[in-house]
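S.K.: Submitted below is the structure of interest, expressed as structure tokens.
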Amino acid sequence: MQMTELIAKKRDGGALTTEEIGFMIDGYVRGEIPDYQMSAMCMAILFSGMDDREVLDLTMCMMHSGETLDLSPIHGVKADKHSTGGVGDKTSLVLCPMVAACGVKIAKMSGRGLGHTGGTIDKLESFPGFVTGISEERFFDNVNRIGIAIAGQTAEVCPADKKLYALRDVTGTVPSIPLIVSSIMSKKLAAGADVIVLDVKCGSGAFMKTPEQARELAEGLTRVGKLAGRKCAAVITDMDEPLGFAVGNALEVKEAIDVLAGRTEAGELKELCLTLGANMLALSGLAADEQGARAKLEATIADGSALRKLAEMVEAQGGDSRAVYDFSLLPDAAFKREVPCEEGGYVAHIEADDVGLVSMHLGGGRVTKESAIDLSVGVVLHKKVGDRVEPGESLATIHASDEGKAARAEELLRKCYTLSPYPVEKAPFIKNIVK
Ligand code: URA
């Protein structure tokens with residue numbers, strides 16, 4: 001078999017066989033197929049596409065390129081959630097304790113943030129003493145005992161995806177649905193859950209800019225999940241502005257706790273967590289329908305069991321669980337600075353990626369994988385798309401480690417906002433659910 005023949009076959013619209021896909025991925029991981037041939041193949045896939053069988057073969061091959069997690073020592077239904085990435089996305093911090101309080105087992109491997117997007121693992125480290133690098137034995141034991149553990153990735157999962165993603169990133173081949181589906185699903189399948197619920201972001205701050213593209217991705221992801229024998233659903237949600245109000249690690253933890261504690265009446269973060277959670281419970285067989293599932297989830301907020309579940313997880317992973325109830329024990333930035341609106345109007349747009357960059361500039365995001373981050377800093381937005389803002393009213397509060405950084409962040413944040421003199425209608429937050 002020759003890689004040159006496979007590239008030509010895909011270029012001309014042919015379907016690669018299972019053996020050909022195996023040859024290509026194994027050869028690439030072993031270093032026998034060079035980057036230039038693999039990048040030509042990625043471009044051919046981008047233009048010619050792949051059918052479902054090819055995408056499944058590619059996904060399984062990538063999944064088997066590294067370690068896979070066997071969650072069988074955990075009793076009960078195991079569920080996992082994945083977001084295609086967004087700014088201010090603290091969903092897992094709310095969703096996982098809520099769902100675990102309903103009896104679904106959450107054994108979750110999460111990542112650190114890089115660039116302008118945050119990672120759940122960094123956010124959790126806002127709890128003093130919280131350990132994300134726990135042993136597999138402790139991880140399984142915690143899930144069996146309290147129903148939830150969220151740890152950093154230890155196993156060498158999907159090395160083929162790591163290599164391929166780095167190549168796609170520099171060859172203009174990231175926005176190919178078959179390549180995105182196989183990249184995401186190979187990692188999710190390797191993590192071993194029975195139920196996988198996906199949050200597919202759509203809008204200016206997301207990979208998928210239009211609802212049509214997002215739907216195509218959501219359908220691709222759920223199809224492969226089901227073909228691989230997992231229960232799967234995807235929720236398509238708006239990312240035309242940051243999710244919720246806080247962007248920055250400890251600030252996002254506080255916003256998440258406010259939802260779990262019932263201090264947040266409504267809002268997009270809560271709505272998203274109820275929608276994702278309802279799908280998780282329904283797919284796990286713990287609720288007859290979505291309405292029943294939502295009622296169960298709401299009850300975990302009302303009776304305090306979701307918040308207690310978060311505290312139990314923090315305690316079980318070495319953290320100070322008192323911080324769940326007492327925010328003075330969480331990191332707090334030395335300087336706070338308001339961003340008063342100059343002219344007033346209606347908020348028409350907030351550039352999500354750029355708000356993420358403001359948080360990064362303040363020290364809350366990683367420039368390289370090795371950089372240290374300041375968990376206390378970030379931004380709390382007070383005005384979101386559709387809101388009326390008066391001249392002089394604050395658009396946001398900057399949380400910074402010094403005055404200089406706060407002043408620069410104010411300048412940058414102001415540019416993230418687009419105001420209109422006319423009332424602005426907000427697009428629906430939940431755009432679609434694909435089952
Ligand atoms: N996220 C991934 O993990 N892979 C992609 O290809 C795109 C987004």
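The values are calculated or read from the model by the stated rules, or taken from the named source; none is laboratory data. Everything quoted here is computed from the prediction, not taken from an experiment. So basically every Cβ, Gly included, is an ideal-geometry build from the backbone, and we count neighbours across all protein chains shown. Side chains included, ligands, DNA and RNA excluded: accessible areas come from the protein's heavy atoms. Shrake-Rupley method; radii C 1.70, N 1.55, O 1.52, S 1.80 Å.
S.K.: Given a Förster radius of 25 Å and the C-beta distance between Ser328 and Asp402 as r, what FRET efficiency does 1/(1 + (r/R0)^6) yield to the nearest 0.05?
M.R.: Values: r = 21 Å, r/R0 = 0.85.
Computed FRET efficiency for Ser328 and Asp402: 0.70.
S.K.: Going by amide H atoms built from the backbone, whose H comes under 5 Å of the H on Cys232, apart from near neighbours?
M.R.: Long-range HN contacts for Cys232: Ile196.
S.K.: Here is a follow-up. Tell me the carbon and sulfur percent of the accessible area for the chain, rounded to whole percent, probe radius 1.4 Å.
M.R.: With neighbouring chains kept in place, the figure for the chain is 53 percent.
S.K.: Then there is this: Gap in Å between the Cα centre of segment 2-51 and the Cα centre of segment 123-202?
M.R.: Using only Cα atoms, the two centres lie 25 Å from each other.
S.K.: Also, I was wondering about something else. Using Cα-Cα distances under 8 Å and only pairs 6 or more residues apart, what relative contact order does the chain have, in percent? List each step's numbers first, then the result.
M.R.: Working: 934 pairs, mean separation 84.5, N = 435.
Worked out over the chain, it gives 19 percent.
S.K.: Suppose the chain between Val367 and His75 were pulled fully straight at 0.36 nm per residue; how much longer would it get relative to their current alpha carbon spacing?
M.R.: Result for the pair: 101.2 nm of gain on full extension.
S.K.: Kyte-Doolittle cut-off 1.6, length cut-off 27 Å along the helix's own axis using Cα: show which whole DSSP H helices in the chain pass.
M.R.: Details: long enough: none.
Span-like helices here: none at all.
S.K.: Quick one: net charge around Leu46, please, counting Lys, Arg +1 and Asp, Glu -1 for every other residue with C-beta under 13 Å from its C-beta.
M.R.: Once positives and negatives cancel, what remains is +3.
S.K.: Cα extents of the chain along the three principal axes, largest first, in whole Å?
M.R.: Principal axes ranked by extent give 67, 49, 41 Å for the Cα atoms.
S.K.: Cut-off 10 angstrom, C-alpha nodes, Gaussian network model of the chain. Which of Ser305, Ser48, Ser186 fluctuates the most?
M.R.: Taking springs between Cα atoms under 10 Å, the residue moving most is Ser48.
S.K.: What ranking, highest mean first, results for peptides 287-298, 234-245 when packing means the other Cβ atoms within 10 Å averaged over each residue?
M.R.: By packing density, highest mean first, the sequence is 234-245, 287-298.
S.K.: Hey, can you grab everything whose amide H is under 5 Å from the amide H of Lys201? Only 5+ residues off in sequence or another chain; H modelled, so Pro and N-termini drop out.
M.R.: Under 5 Å from the amide H of Lys201 lie the amide H atoms of Thr84, Gly85, Thr237, each far enough along the sequence or on another chain.
S.K.: Also, I was wondering about something else. Quick one: which residues, 5+ away or cross-chain, put their amide H under 5 Å from the amide H of Leu395? H built at 1.01 Å from N.
M.R.: Those lying under 5 Å, H to H, from Leu395 are Val339, Cys341.
S.K.: What does the convex hull of the Cα atoms of segment 3-49 come to per residue, in Å³, rounded to a whole number?
M.R.: 60
S.K.: Can you tell me the order of 330-340, 51-61 when each peptide is scored by its average per-residue count of other Cβ atoms within 10 angstrom, highest first?
M.R.: Highest to lowest by the protection proxy: 51-61, 330-340.
S.K.: Taking every eigenvalue of the Cα gyration tensor of segment 108-192, multiplying by 5 and rooting it, what semi-axes result, largest first, whole Å?
M.R.: Semi-axis lengths for segment 108-192 are 28, 16, 10 Å.
S.K.: Show me, for segment 320-329, the HN-Hα J-couplings you get by feeding each phi into the Karplus relation (A = 6.51, B = -1.76, C = 1.60, θ = phi - 60°), rounded to Hz, glycine and proline as x.
M.R.: Per residue, the Karplus-derived 3J(HN,Hα) values read 8, 6, 5, 5, 5, 9, 9, 5, 5, 8 Hz.
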